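S.K.: First the structure, which I've put down as structure tokens, then a few questions once you've had a look.
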């Protein structure tokens, strides 16, 4: 009697399991990479890390994304340059990226946006950037406050502000 009930139940379970869509590892990877591409595009990464992106209204080919920017940002912290993320991330493991992403950075990098992203979002960004060829040049080195800057830069100096700024070193 038990055998007679077990066979139909097994057939029903197999039919249900067979109808479920199971994603392959490749499909999962593609979904994660697509999510990373979306996050890079919408979180403003290209605004600084892709030369000319804002001036071109975002119409820069994806093949040129995230190669850094030789135009610096100067303020009370000194002069910083958006690094070439393709080169930077090619030298990091996923775990190292996760740690780096949540550490404070010098302005104007909105590091707190990365800090507040989910682990899955940070993994998606990492996986996406790793699909891009690590090409281009490294960004110029940080220049301390008061030092001579020999590149173009954008000034970020508050006017009529009577507050002492905290600078991340």
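A short reminder: the numbers here are calculations on the coordinates, not readings from a lab. For clarity, every value in this text was computed on a predicted model and none was experimentally measured. Cβ sites come from the backbone with ideal geometry, for glycine too, and all protein chains shown count toward neighbours.
S.K.: Is there a residue being buried (at least 16 other Cβ atoms within 10 Å of the Cβ) and either over 12 Å from the mean Cα position of the chain (by Cα) or part of a helix (DSSP H, G or I) (or both) anywhere in segment 154-169?
M.R.: no
S.K.: Of all residues in segment 120-137 being farther than 19 Å from residue 38 by Cβ and surrounded by 12 or more Cβ atoms within 10 Å (Cβ to Cβ), which is nearest to the chain's Cα centre (by Cα)?
M.R.: 134
S.K.: Okay, moving on. Does residue 66 satisfy being part of a helix (DSSP H, G or I), touching a helix residue (DSSP H, G or I) at 6+ places or on another chain (Cβ under 7 Å) and under 15 Å from residue 128 (Cα atoms)?
M.R.: So residue 66 does not fit the description; no.
S.K.: Of all residues in segment 64-106, count the ones that are in contact (Cβ under 8 Å) with a residue 60 or more places away in the chain and either surrounded by fewer than 17 Cβ atoms within 10 Å (Cβ to Cβ) or farther than 16 Å from residue 42 by Cα (or both).
M.R.: Qualifying residue count for the region: 18.
S.K.: Sticking with this structure for a sec: Which of the residues that make up segment 91-114 are touching a helix residue (DSSP H, G or I) at 6+ places or on another chain (Cβ under 7 Å) and part of a helix (DSSP H, G or I)?
M.R.: Within segment 91-114, 94, 97, 98, 101, 114 qualify.
S.K.: Just to be sure before I move on: is residue 117 buried (at least 16 other Cβ atoms within 10 Å of the Cβ), farther than 23 Å from residue 138 by Cα, within 11 Å of the chain's Cα centre (by Cα) and touching a residue at least 40 places away in the same chain (Cβ under 8 Å) in the structure I sent?
M.R.: Answer is yes for this residue.
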